[in-house]
Amino acid sequence: MNDIHLLDPPNEMFRIIFNKLNATDMLYSLVNVNQRFDRVVLDPLNVQYLDFVTKPFNMRNLSIHAQILQKVRENILPRIKDKVKKLTVDPISMKFILGIVRYSQLYSLSLIDYKPKILLQYFS
(Lines give C-alpha, C1' and ligand atoms only; values in the text may rest on other atoms or scores of the structure.)
Protein backbone atom coordinates (compact mmCIF):
# COMPACT_ATOMS: atom_id res chain seq x y z
CA MET A 1 0.00 0.00 0.00
CA ASN A 2 1.33 3.44 -0.92
CA ASP A 3 1.31 6.08 1.75
CA ILE A 4 0.40 9.56 0.54
CA HIS A 5 1.63 12.49 2.57
CA LEU A 6 0.56 16.10 2.60
CA LEU A 7 3.94 17.25 1.28
CA ASP A 8 4.09 14.75 -1.62
CA PRO A 9 2.51 16.85 -4.41
CA PRO A 10 4.86 18.67 -6.79
CA ASN A 11 5.74 22.33 -6.22
CA GLU A 12 3.57 23.37 -9.17
CA MET A 13 0.49 22.08 -7.37
CA PHE A 14 1.44 24.01 -4.24
CA ARG A 15 1.89 27.16 -6.37
CA ILE A 16 -1.65 26.77 -7.73
CA ILE A 17 -3.04 26.37 -4.23
CA PHE A 18 -0.99 29.22 -2.77
CA ASN A 19 -2.06 31.56 -5.58
CA LYS A 20 -5.67 31.15 -4.41
CA LEU A 21 -4.73 32.83 -1.12
CA ASN A 22 -4.32 36.56 -0.72
CA ALA A 23 -0.78 37.84 -0.15
CA THR A 24 -1.21 38.46 3.56
CA ASP A 25 -2.56 34.98 4.27
CA MET A 26 0.01 33.30 2.05
CA LEU A 27 3.00 35.05 3.60
CA TYR A 28 1.79 34.92 7.19
CA SER A 29 0.59 31.32 7.17
CA LEU A 30 3.12 29.55 4.99
CA VAL A 31 6.51 31.22 5.44
CA ASN A 32 8.69 29.45 8.01
CA VAL A 33 6.52 26.31 7.99
CA ASN A 34 9.31 24.35 6.34
CA GLN A 35 12.08 24.90 3.78
CA ARG A 36 10.02 23.61 0.88
CA PHE A 37 7.14 25.99 1.53
CA ASP A 38 9.63 28.84 1.92
CA ARG A 39 11.11 28.07 -1.50
CA VAL A 40 7.68 27.91 -3.15
CA VAL A 41 6.06 30.88 -1.37
CA LEU A 42 9.09 33.17 -1.58
CA ASP A 43 9.85 32.27 -5.18
CA PRO A 44 10.19 35.49 -7.24
CA LEU A 45 7.22 34.45 -9.39
CA ASN A 46 4.98 34.30 -6.33
CA VAL A 47 6.04 37.55 -4.70
CA GLN A 48 6.57 39.90 -7.63
CA TYR A 49 2.90 41.02 -7.59
CA LEU A 50 1.42 41.36 -4.11
CA ASP A 51 -2.07 42.53 -3.21
CA PHE A 52 -2.46 43.58 0.42
CA VAL A 53 -5.99 44.98 0.17
CA THR A 54 -7.97 44.19 3.30
CA LYS A 55 -10.87 41.90 2.56
CA PRO A 56 -14.30 42.73 4.04
CA PHE A 57 -14.24 39.71 6.39
CA ASN A 58 -11.00 41.03 7.91
CA MET A 59 -12.63 44.37 8.67
CA ARG A 60 -14.37 42.79 11.67
CA ASN A 61 -11.03 41.75 13.17
CA LEU A 62 -8.84 44.74 12.39
CA SER A 63 -6.63 44.30 15.45
CA ILE A 64 -5.82 40.70 14.47
CA HIS A 65 -5.26 41.78 10.86
CA ALA A 66 -2.91 44.52 12.07
CA GLN A 67 -0.91 41.97 14.09
CA ILE A 68 -0.63 39.74 11.01
CA LEU A 69 0.52 42.65 8.84
CA GLN A 70 3.03 43.59 11.55
CA LYS A 71 4.54 40.10 11.38
CA VAL A 72 4.65 40.21 7.59
CA ARG A 73 6.34 43.62 7.75
CA GLU A 74 8.98 42.63 10.28
CA ASN A 75 9.78 39.05 9.29
CA ILE A 76 8.92 38.56 5.64
CA LEU A 77 9.10 41.81 3.68
CA PRO A 78 12.83 42.27 4.36
CA ARG A 79 13.39 38.83 2.78
CA ILE A 80 11.46 39.59 -0.43
CA LYS A 81 11.94 43.35 -0.87
CA ASP A 82 14.17 42.94 -3.95
CA LYS A 83 11.69 40.60 -5.64
CA VAL A 84 8.54 42.74 -5.38
CA LYS A 85 7.64 44.58 -8.59
CA LYS A 86 4.02 45.55 -8.03
CA LEU A 87 2.12 46.33 -4.84
CA THR A 88 -1.56 46.97 -4.23
CA VAL A 89 -2.43 48.50 -0.86
CA ASP A 90 -5.36 50.12 0.89
CA PRO A 91 -5.35 52.64 3.75
CA ILE A 92 -5.19 49.87 6.37
CA SER A 93 -2.31 47.92 4.88
CA MET A 94 -0.32 50.88 3.57
CA LYS A 95 1.26 51.84 6.88
CA PHE A 96 2.48 48.26 7.37
CA ILE A 97 3.65 47.53 3.84
CA LEU A 98 5.24 50.81 2.76
CA GLY A 99 7.99 52.73 4.49
CA ILE A 100 9.64 49.91 6.39
CA VAL A 101 11.61 48.44 3.48
CA ARG A 102 12.81 49.78 0.17
CA TYR A 103 11.48 47.84 -2.81
CA SER A 104 14.31 48.21 -5.31
CA GLN A 105 12.39 46.56 -8.19
CA LEU A 106 9.01 48.20 -7.53
CA TYR A 107 7.58 49.80 -10.65
CA SER A 108 3.85 49.85 -9.85
CA LEU A 109 1.96 50.92 -6.75
CA SER A 110 -1.83 50.71 -6.77
CA LEU A 111 -3.78 52.55 -4.10
CA ILE A 112 -7.26 51.18 -3.47
CA ASP A 113 -10.19 52.76 -1.57
CA TYR A 114 -8.53 56.04 -0.68
CA LYS A 115 -10.45 59.19 0.02
CA PRO A 116 -8.79 62.22 -1.58
CA LYS A 117 -8.23 63.92 1.79
CA ILE A 118 -6.41 60.90 3.22
CA LEU A 119 -4.42 60.39 0.04
CA LEU A 120 -3.21 64.00 0.16
CA GLN A 121 -1.89 63.39 3.70
CA TYR A 122 0.31 60.56 2.44
CA PHE A 123 1.68 62.60 -0.44
CA SER A 124 2.43 65.77 1.50
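The values are calculated or read from the model by the stated rules, or taken from the named source; none is laboratory data. Since this is a predicted model, take the numbers as computed values, not measurements. Positions of Cβ are backbone-derived with ideal geometry, glycine not excepted, and every protein chain shown enters the neighbour counts. Ligands, DNA and RNA are stripped out before the accessible areas are found, and what is left, the full protein with its side chains, is counted by its heavy atoms. Shrake-Rupley method; radii C 1.70, N 1.55, O 1.52, S 1.80 Å.
Tabulated data for the structure shown
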read-out: Considering residues of the range 24-51 that are free of Cβ contacts under 8 Å to residues at least 40 places away in the same chain and of a type in the set (Ser, Thr, Tyr) only, the residue farthest from GLN70 (Cα to Cα); value: TYR49
read-out: Near pairs, Cβ below 7 angstrom, 6+ apart or cross-chain, from the range 68-86 (closer than 21 Å to SER108 by Cβ) to any residue that is part of a strand (DSSP E or B) and open to solvent by 70 Å² or more (accessible area, probe 1.4 Å); value: LYS85/TYR49; LYS86/TYR49
read-out: Elements of type helices (runs of 4 or more DSSP H) in the range 11-124, at least 1 residues being surrounded by 14 or more Cβ atoms within 10 Å (Cβ to Cβ); value: 11-18, 23-30, 35-41, 44-47, 56-59, 62-71, 77-80, 91-97
read-out: Residues (farther than 18 Å from ASN75 by Cβ and under 13 Å from the mean Cα position of the chain (by Cα)) located in the range 1-44; value: ASN19, LYS20, PRO44
read-out: Leading residue by the ranking (modelled with the lowest pLDDT) among those in the range 22-67 that are basic (Lys, Arg) and over 26 Å from SER108 (Cα atoms); value: ARG60
